[in-house]
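K.L.:
Below you'll find the structure I mean.
The values are calculated or read from the model by the stated rules, or taken from the named source; none is laboratory data. Note that the coordinates shown come from a computational prediction; the quantities given were computed from them, not determined experimentally. Because the Cβ atoms are built from the backbone with ideal geometry, glycine has one as well, and the counts that use them run over all protein chains shown.
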Amino acid sequence: MQQRHFALTGLIASLGRLVLNFIAEMGAMALFAAQGIRHMPSRGQAGKVIRQIYFMGAGSFFLIVLIGLFTGMVLGLQGYYNLAQFGSEGLLGSAVALSLIRELGPVLTAIMVTGRAGSAMAAEIGVMRISDQIDALEVMDISPMGYLVAPRVTASLLCFPLLTSVFTIVGILGGYVSGVLLLGISQGVYFDRIASSVVWADVQGCLLKSLVFALTVILVCCYKGYFAHMRTDGMGPEAVSNATTSAVVLSCVLLLTGDYALTSFLL
């Protein structure tokens with residue numbers, strides 16, 4: 001009986017430590033985000049912002065187009081056969097457009113950029129940390145937040161809405177390919193349903209999600225790389241590797257939970 005009591009006490013203590021560590025990390029991440037946003041109006045950062053826009057936006061463009069096209073084609077194919085069971089094939093345009101604008105466009109765009117650009121940012125900043133380059137910036141009285149984080153935050157706020165818009169438009173065209181060109185739905189009905197069902201509030205919600213997801217992804221990835229030297233699960237290159245993996249996983253989890261919260265708020 002006493003052993004069972006000790007086991008239960010140990011389990012509760014372990015769970016408590018996990019919760020406290022999670023709360024502490026979320027608080028540290030919130031402070032890091034506040035500092036990164038505070039340094040955004042930095043002067044002389046235009047060149048760094050443009051480089052990040054090219055890396056994050058132009059570098060991800062082909063991937064976003066490819067994923068958006070096939071996502072729309074799959075939605076069109078699945079939506080057609082599901083709607084055909086109820087004799088409502090004409091609603092395919094509405095189903096594809098609303099699914100992409102309200103949910104899939106912002107979420108999948110953010111996940112794709114996380115996998116491609118976010119992981120690279122976490123690894124780059126992590127390498128700079130373990131090689132003492134960030135310490136060198138502080139010695140030279142250059143703010144690492146303004147030099148490394150702020151340009152990435154600014155670039156993400158510009159790139160994410162544009163990439164999300166591209167994903168959504170290409171996805172709607174992918175649904176057109178499946179529904180109209182391959183399955184024979186009327187072109188006029190497809191686009192008329194889109195025009196009649198999509199309202200400006202849906203577009204506003206899509207853009208709001210993309211901005212929130214931009215801050216989430218960039219700040220999480222920069223945070224994990226920035227504090228890679230403080231990890232307890234490895235040192236040196238192993239710490240950078242673990243920080244990069246942790247950044248991608250945590251970003252995806254926060255994207256999905258944040259999407260649910262924003263959807264509940266917007267509906």
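K.L.:
Take the stretch 218-244 and flag every residue that is part of a helix (DSSP H, G or I) and either aromatic (Phe, Trp, Tyr) or loosely packed, with under 14 Cβ neighbours inside 10 Å (or both).
P.N.:
Initially, the stretch 218-244 is screened for residues part of a helix (DSSP H, G or I), giving 218-226, 228-230, 237-244.
The answer is Tyr223, Tyr226, Met230, Pro237, Glu238.
K.L.:
Report, ordered by the first and then the second residue, all pairs with beta carbons closer than 7 Å, sequence separation of six or more or different chains, a first member in the stretch 88-109 that is more than 15 Å from Gly174 (Cβ to Cβ) and modelled with pLDDT under 90, and a second member that is in a helix (DSSP H, G or I) and not β-branched (Val, Ile, Thr).
P.N.:
Between residues of the stretch 88-109 that are more than 15 Å from Gly174 (Cβ to Cβ) and modelled with pLDDT under 90 and residues that are in a helix (DSSP H, G or I) and not β-branched (Val, Ile, Thr), the close pairs are Glu89/Tyr80; Glu89/Leu83; Gly90/Arg193; Leu91/Leu83; Leu91/Arg193.
K.L.:
Next question. Does the stretch 95-148 hold any residues that are farther than 18 Å from Leu256 by Cα, under 19 Å from the mean Cα position of the chain (by Cα) and of a type in the set (D, E, K, R), and which are they?
P.N.:
Once the filter is applied, which keeps residues that are farther than 18 Å from Leu256 by Cα, under 19 Å from the mean Cα position of the chain (by Cα) and of a type in the set (D, E, K, R), the stretch 95-148 yields only Glu124.
K.L.:
Of all residues in the stretch 132-162, which are farther than 17 Å from Ala239 by Cβ, among the acidic types (Asp, Glu) and in a helix (DSSP H, G or I)?
P.N.:
Glu138, the sole residue that qualifies.
K.L.:
So, one more: For the stretch 188-196, check the following and say yes or no: at least one residue is within 30 Å of Gln78 (Cβ to Cβ), in contact with a Leu (Cβ under 8 Å, 6 or more places away or on another chain) and part of a helix (DSSP H, G or I).
P.N.:
Filtering the stretch 188-196 down to residues within 30 Å of Gln78 (Cβ to Cβ) leaves 188-196.
Imposing the further condition that a residue be in contact with a Leu (Cβ under 8 Å, 6 or more places away or on another chain) reduces the set to 190, 193.
From what's left, part of a helix (DSSP H, G or I): 190, 193.
Checked the stretch 188-196: at least one residue is within 30 Å of Gln78 (Cβ to Cβ), in contact with a Leu (Cβ under 8 Å, 6 or more places away or on another chain) and part of a helix (DSSP H, G or I).
K.L.:
Return the residues of the stretch 197-208 that are outside any helix (DSSP H, G or I) and either within 30 Å of Leu250 (Cα to Cα) or touching a residue at least 60 places away in the same chain (Cβ under 8 Å) (or both); say none if nothing qualifies. Reasoning before the result, please.
P.N.:
Narrowing the stretch 197-208 to residues outside any helix (DSSP H, G or I): 198-199.
Of everything in the stretch 197-208, just one residue is outside any helix (DSSP H, G or I) and either within 30 Å of Leu250 (Cα to Cα) or touching a residue at least 60 places away in the same chain (Cβ under 8 Å) (or both), namely Val198.
K.L.:
Any residue in the stretch 28-39 that's over 14 Å from Lys224 (Cα atoms): show its pairings with residues that are assigned to a helix (DSSP H, G or I) and β-branched (Val, Ile, Thr) at Cβ separation under 8 Å, as long as the two are six or more apart or on different chains.
P.N.:
Within 8 Å, the pairs are Gln35/Val149; Ile37/Val153; His39/Val149.
K.L.:
Which numbered condition in (1) surrounded by fewer than 18 Cβ atoms within 10 Å (Cβ to Cβ); (2) under 20 Å from Ser197 (Cβ atoms) is the only one that Leu66 fails?
P.N.:
Condition not satisfied by Leu66: (2).
K.L.:
Take the residues in the stretch 209-234 that are over 18 Å from the mean Cα position of the chain (by Cα) and touching a residue at least 40 places away in the same chain (Cβ under 8 Å); name whichever of them is farthest from Gly115 (Cα to Cα). Please lay out each step first, then the result.
P.N.:
Initial filter on the stretch 209-234 (over 18 Å from the mean Cα position of the chain (by Cα)): 226-234.
Then drop every residue that is not touching a residue at least 40 places away in the same chain (Cβ under 8 Å), which leaves 226-229.
Details: Tyr226: 18, Phe227: 20, Ala228: 18, His229: 22 Å.
Looking at the filtered set, the residue picked out is His229.
K.L.:
Please note which helices (runs of 4 or more DSSP H) are completely contained in the stretch 76-131 and include at least 1 residues that are surrounded by fewer than 17 Cβ atoms within 10 Å (Cβ to Cβ) and not basic (Lys, Arg).
P.N.:
Output list reads 119-130.
K.L.:
Say we look at the stretch 132-170 and pick out the residues that are surrounded by fewer than 22 Cβ atoms within 10 Å (Cβ to Cβ) and among the polar types (S, T, N, Q); which of these is modelled with the highest pLDDT?
P.N.:
Looking at the filtered set, the residue picked out is Ser165.
K.L.:
Spot the failing condition for Ile37; the list is (1) at pLDDT 80 or above; (2) in contact with a helix residue (DSSP H, G or I) (Cβ under 7 Å, 6 or more places away or on another chain); (3) β-branched (Val, Ile, Thr), and only one is missed.
P.N.:
Unmet condition: (1).
K.L.:
Among the listed residues Val149, Val113, identify the single one that is within 19 Å of Gln45 (Cβ to Cβ) and touching a Cys at 6+ places or on another chain (Cβ under 8 Å).
P.N.:
Within the list Val149, Val113, the selection yields Val149.
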